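Notes to accompany the following structure.
The values are calculated or read from the model by the stated rules, or taken from the named source; none is laboratory data. If you're wondering where the values come from, they're calculated on a predicted model, not measured in any experiment. Cβ placement follows ideal geometry from the backbone for every residue including glycine, while neighbour counts extend to all protein chains displayed. In case anyone asks, the SASA skips ligands and DNA or RNA and just uses the protein heavy atoms, side chains included. Shrake-Rupley method; radii C 1.70, N 1.55, O 1.52, S 1.80 Å.
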Amino acid sequence: MFSNTAIGIDLGTANTLVYTKNNGIILNEPSVIAMNKHTKEVIAIGTEAQAMIGKTPSSIIVSRPLRDGVIADFDMTTAMLKTVLEKAIKNGATFRKPNVVICTPSGATSVERLAIKDAAVQCGAKEVFLIDEPVAAAIGADLPIQEPIASVIVDIGGGTTEVGIISFGGIVTSTTLKLGGDRLNEEIVHYVRQKYSILIGLPTAERLKKEIGYAPVKHDIEELTVSGRDIVRGLPQSVTIQSTEIQECLHESMIAILGIIRRSLENCPPELAGDIVEEGIVLTGGGSLLKGMAEWLREELLVPVHLAPSPLESVAIGTGRSIDSLQLMKKAKLK
């Protein structure tokens, strides 16, 4: 009964997903909110709000209230979470005051964790449980985390990259890098501005990354024409960009991600190192979908690298599946 009245929420920097045990993922929306500056009324969230970025009058604020995996604007996050819970209930959840499991970055401070908990409670959650993101991602990727073997998860999200080595149901070692898909988009915007003197928006940068973005691997050159504003003349301008250019401007960030994975593997106890050589690493998160990412990491780390079955949804699925152990958590809390 307890697990049937609970929902799992992946409160991500880029996307917010809601999972219920009976219906699976019932909500998958961008973590964006549009609010009237004067009345504080929520106008839109998710996809609808994302379409309003850069197109609203001064009376409407469109923002992404989460940054680097944690709350940057508490009031905006609370308003967004309240609307998300209302949508979740409307989309198939049959309870009014649900128990909520929310994932948090493993490197989040106690203050940041408390802010997430308070936001959920203010939105009507009965009880709130927090789960570390690497553990949730590993559960969602079907890794045997309860076994005495090393499960290595690399979650490249919108705001952070997290590497976790998990064994016996707990994190042996974990590292968080405040670099994810958002930073990659910003680097593309900066590159196009510097080289072509054209200002493009973040949605256009996201499109360039998805369609012609590559990790540092050999590939057939692709091109994409995008539009922006000429900084010198102030007029609309189109430019054709090659995949090698996007690859070049993302290179530094790719090296940083490789570095954090290497550091985590170096901190791994020797007894678990053999498991990693055999079982390898599993990639989750939107950043893992960058073309050639798994192939490049495999060549650099000399261990098997696999993509999770549902990279974008792994954390949400894992958060939801952890609901089954909530009854034990609740009993332990009462004791």
Seminar exercise, completed: If you go through P134, P144, the only one that is assigned to a helix (DSSP H, G or I), farther than 30 Å from H38 by Cβ, modelled with pLDDT of 85 or more and not aliphatic (A, V, I, L, M) is P134
Exercise. Based on what the data block shows, is T204 open to solvent by 20 Å² or more (accessible area, probe 1.4 Å) and either under 17 Å from L179 (Cα atoms) or under 20 Å from the mean Cα position of the chain (by Cα) (or both)?
Worked result: yes
Seminar exercise, completed: Picked from segment 263-283 (must be assigned to a helix (DSSP H, G or I) and among the hydrophobic types (A, V, I, L, M, F, W, C)), the residue most open to solvent (accessible area, probe 1.4 Å) is V277
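Can you tell me which residue in segment 47-62 is least open to solvent (accessible area, probe 1.4 Å), limited to those that are in contact (Cβ under 8 Å) with a residue 24 or more places away in the chain and touching a Lys or Arg at 6+ places or on another chain (Cβ under 8 Å)?
Let us first name the residues in segment 47-62 that are in contact (Cβ under 8 Å) with a residue 24 or more places away in the chain, namely 50, 53-54, 60-62.
The next check asks that each one be touching a Lys or Arg at 6+ places or on another chain (Cβ under 8 Å); those that pass are 60-61.
Working: I60: 37, I61: 62 Å².
My answer is I60.
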For this session: Return the total of residues in segment 63-75 being in contact (Cβ under 8 Å) with a residue 24 or more places away in the chain, surrounded by fewer than 20 Cβ atoms within 10 Å (Cβ to Cβ) and touching a strand residue (DSSP E or B) at 6+ places or on another chain (Cβ under 8 Å).
Result: 1
Exercise. Does any residue of segment 77-91 turn out to be exposed (fewer than 15 other Cβ atoms within 10 Å of the Cβ) and more than 13 Å from V18 (Cβ to Cβ)?
Worked result: no
For this session: Would you mention how many residues in segment 147-190 are more than 22 Å from G320 (Cα to Cα), open to solvent by less than 20 Å² (accessible area, probe 1.4 Å) and either part of a loop (DSSP other than H, G, I, E, B) or of a type in the set (K, R) (or both)?
Result: 3
Exercise. Taking segment 220-252, which residues are open to solvent by 40 Å² or more (accessible area, probe 1.4 Å) and either touching a helix residue (DSSP H, G or I) at 6+ places or on another chain (Cβ under 9 Å) or closer than 23 Å to E299 by Cβ (or both)?
Worked result: D220, I221, E222, E223, S227, I231, Q237, Q242, T244, E248, H251, E252
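Is there a residue in segment 62-73 that is within 20 Å of the chain's Cα centre (by Cα), farther than 24 Å from P105 by Cβ and at pLDDT 90 or above?
Yes, the conditions are met somewhere in segment 62-73.
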